[in-house]
Amino acid sequence: MNKKSVWKWASLLAASMIFVAGCNSTGGESGGSGGVDVGIVLPTKDEPRWVQDEQRFKDALADSDYSTEILFSQGSSAKEKENVDALLNKGIDVLIITPHDGAAAGAAVEAAKQEGVTVISYDRLITDTDAVDYYVTFDSLAVGAAQAQYLVDNADGSGVPLYLYAGAASDNNAFLFFQGAWEVLQPKIADGTFVIANSSEAEALSDKADLSRDELGKIIGQITTNWDANEAKNKAQTHLTAASDEQKGDVAILAPNDGTARAIADVFGSDSAITSYFVTGQDAEKASIQYIIDGQQSMTVFKDVRTLVQDAMGMAVDILDGNDPETTGSYDNGAVEVKAKQTDVIVVDQENVKAELIDSEYYEASEFTGLE
Ligand code: BGC
């Protein structure tokens with residue numbers, strides 16, 4: 001899958017507006033099979049990101065006439081397949097699924113397709129199978145680009161040591177995040193603003209702005225956190241142990257999400273030779289919002305899960321009602337062009353954290369200390 005085929009974006013602004021109303025328009029129809037109408041499978045309860053999604057699904061479903069069930073795969077493709085089979089046995093018509101591993105989930109959704117179930121890939125794309133009907137997602141290239149731009153905007157002078165970290169190579173998003181970031185960072189590596197401190201693979205490719213999937217894979221393979229905070233912490237410790245004096249001082253850190261950002265920030269924050277660091281994140285997890293308020297994490301990319309849930313449930317309801325869901329573009333998953341609905345993201349740091357997350361009622365001020 002190359003960059004050009006990943007996302008063909010047909011910018012239909014109006015579509016996203018029309019659709020919000022669809023979520024509650026469930027009509028009188030319900031539970032035709034007597035079981036569950038919509039099955040939802042999320043990757044793990046161990047990361048606050050997905051517990052957030054569960055809660056937002058529950059909030060959105062409170063008024064729905066359709067019955068739903070949410071299951072977690074706990075970071076296991078085998079468990080994920082069991083979950084899908086269990087939901088198929090309950091007669092679901094629509095499956096909303098975030099794969100633990102984008103390629104390995106093929107077997108689960110192919111089983112669903114065989115039962116005539118409509119499959120919606122949620123946040124992460126299921127790859128290399130034609131058994132995916134729709135994809136609801138945030139703009140993942142923009143997530144990476146925003147993280148990188150934040151580091152660029154805050155880089156002081158030249159020769160700033162740059163530490164790179166990525167998500168799990170089994171998650172298509174990890175490629176999109178890193179690709180989006182690389183396109184912004186690479187010119188600033190080429191012009192000497194940044195000096196890569198922890199990846200020989202990235203260094204070897206540092207004169208190329210446009211990386212192939214394989215090239216991205218080489219870098220990601222070296223700097224992956226596997227979306228695991230412990231792995232991120234261990235890697236950061238190893239990197240700082242190996243770092244020379246010039247690779248310390250005021251540094252920039254591309255961390256792929258909030259869980260890994262906090263772990264990496266803890267490591268860098270406790271090294272006395274690190275005089276300051278900027279570190280990125282994403283998901284607006286509560287713990288990271290507190291880190292941002294306290295100056296321990298620099299930014300997060302806020303992905304309003306309420307919108308993604310509305311998009312997914314709106315699609316499911318359209319399908320159950322016999323209507324064609326609204327889409328705004330498509331993603332190539334390696335086998336087919338999957339019709340997609342994409343949502344924008346918002347950069348949050350100390351400056352706008354209150355406006356974006358408290359005033360918008362995403363979180364309550366009382367959940368944090370030291371706000372303002
Ligand atoms: C999601 C991120 C999340 C990460 C780890 C990605 O696919 O888009 O929001 O932080 O997985 O779970």
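For the structure I just gave you, tell me whether Val184 is touching a helix residue (DSSP H, G or I) at 6+ places or on another chain (Cβ under 6 Å), over 16 Å from Ile219 (Cβ atoms), outside the structural domain of Glu326 (by TED's automatic domain parsing) and surrounded by fewer than 21 Cβ atoms within 10 Å (Cβ to Cβ).
On the way: touching a helix residue (DSSP H, G or I) at 6+ places or on another chain (Cβ under 6 Å): yes; over 16 Å from Ile219 (Cβ atoms): no; outside the structural domain of Glu326 (by TED's automatic domain parsing): yes; surrounded by fewer than 21 Cβ atoms within 10 Å (Cβ to Cβ): yes.
Judged against the criteria, Val184 is not a match.
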Only one of Ala190, Ala197 is more than 16 Å from the ligand (Cβ to nearest atom) and crowded, with 21+ Cβ neighbours inside 10 Å. Can you tell me which?
Ala197
Would you mention how many residues in the stretch 30-45 are closer than 28 Å to Tyr363 by Cβ and loosely packed, with under 15 Cβ neighbours inside 10 Å?
1
Among the candidates Asn234, Asn226, Asn173, which residue alone is surrounded by fewer than 21 Cβ atoms within 10 Å (Cβ to Cβ), closer than 30 Å to Asp123 by Cα and within 12 Å of the ligand (Cβ to nearest atom)?
Asn226
Can you run down the residue pairs with Cβ atoms below 9 Å, 6 or more apart or on separate chains, where the first is in the stretch 148-177 and part of a helix (DSSP H, G or I) and the partner is within 16 Å of the ligand (Cβ to nearest atom) and among the aromatic types (Phe, Trp, Tyr)?
Asn172/Tyr331; Asn173/Phe138; Ala174/Trp227; Leu176/Trp7
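Does the stretch 54-69 hold any residues that are over 20 Å from Pro325 (Cβ atoms) and either open to solvent by 40 Å² or more (accessible area, probe 1.4 Å) or outside any helix (DSSP H, G or I) (or both), and which are they? Break it down stepwise before answering.
Initial filter on the stretch 54-69 (over 20 Å from Pro325 (Cβ atoms)): 54-55, 58-59, 62, 69.
Within the stretch 54-69, Gln55, Lys58, Asp59, Ala62, Glu69 qualify.
Yes/no per residue for (1) assigned by TED's automatic domain parsing to the domain that holds Gln282; (2) under 24 Å from Thr343 (Cα atoms); (3) over 19 Å from the mean Cα position of the chain (by Cα); (4) open to solvent by less than 10 Å² (accessible area, probe 1.4 Å):
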{"residue": "Ala78", "(1), (2), (3), (4)": "no, no, yes, no"}
{"residue": "Lys81", "(1), (2), (3), (4)": "no, no, yes, no"}
{"residue": "Leu88", "(1), (2), (3), (4)": "no, no, yes, no"}
{"residue": "Leu95", "(1), (2), (3), (4)": "no, yes, yes, yes"}
{"residue": "Asp101", "(1), (2), (3), (4)": "no, yes, no, no"}
{"residue": "Ala107", "(1), (2), (3), (4)": "no, no, yes, no"}
{"residue": "Ala112", "(1), (2), (3), (4)": "no, no, yes, yes"}
{"residue": "Thr118", "(1), (2), (3), (4)": "no, yes, yes, no"}
{"residue": "Tyr122", "(1), (2), (3), (4)": "no, yes, no, yes"}
Applying the selection to the stretch 306-326, what residues are surrounded by 24 or more Cβ atoms within 10 Å (Cβ to Cβ), among the hydrophobic types (A, V, I, L, M, F, W, C) and within 16 Å of the ligand (Cβ to nearest atom)?
Val309, Ala312
Leu211 vs (1) within 15 Å of Leu162 (Cβ to Cβ); (2) touching a Leu at 6+ places or on another chain (Cβ under 8 Å): all pass except (1)
Options Ala340, Ala355; residue that is within 16 Å of the ligand (Cβ to nearest atom) and under 27 Å from Pro48 (Cβ atoms):
Ala340
Which of (1) farther than 22 Å from Ile264 by Cα; (2) surrounded by fewer than 22 Cβ atoms within 10 Å (Cβ to Cβ); (3) within 16 Å of the ligand (Cβ to nearest atom) is the odd one out, the single condition Val136 does not satisfy?
(2)
Does Asp101 qualify as being among the acidic types (Asp, Glu), assigned to a loop (DSSP other than H, G, I, E, B), more than 16 Å from the ligand (Cβ to nearest atom) and touching a residue at least 12 places away in the same chain (Cβ under 8 Å)?
no
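Determine which member of the set Ser64, Ser11, Ser25, Ser33 is of a type in the set (S, T, N, Q), modelled with pLDDT under 95 and not assigned by TED's automatic domain parsing to the domain that holds Thr327. Walk me through it before giving the result.
Details: Ser64 fails: not assigned by TED's automatic domain parsing to the domain that holds Thr327; Ser25 fails: not assigned by TED's automatic domain parsing to the domain that holds Thr327; Ser33 fails: not assigned by TED's automatic domain parsing to the domain that holds Thr327.
It is Ser11.
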Among residues of the stretch 237-250 being hydroxyl-bearing (Ser, Thr, Tyr) and within 13 Å of Val267 (Cα to Cα), the residue most open to solvent (accessible area, probe 1.4 Å) is Thr241
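The values are calculated or read from the model by the stated rules, or taken from the named source; none is laboratory data. Every value quoted in this text rests on a predicted model; they were computed, and no experiment measured them. No Cβ is skipped: glycine too gets one built from the backbone with ideal geometry, and neighbour counts run over all protein chains shown. Side chains are part of the model used for accessible areas, which takes the heavy atoms of the whole protein and leaves out ligands, DNA and RNA. Shrake-Rupley method; radii C 1.70, N 1.55, O 1.52, S 1.80 Å.
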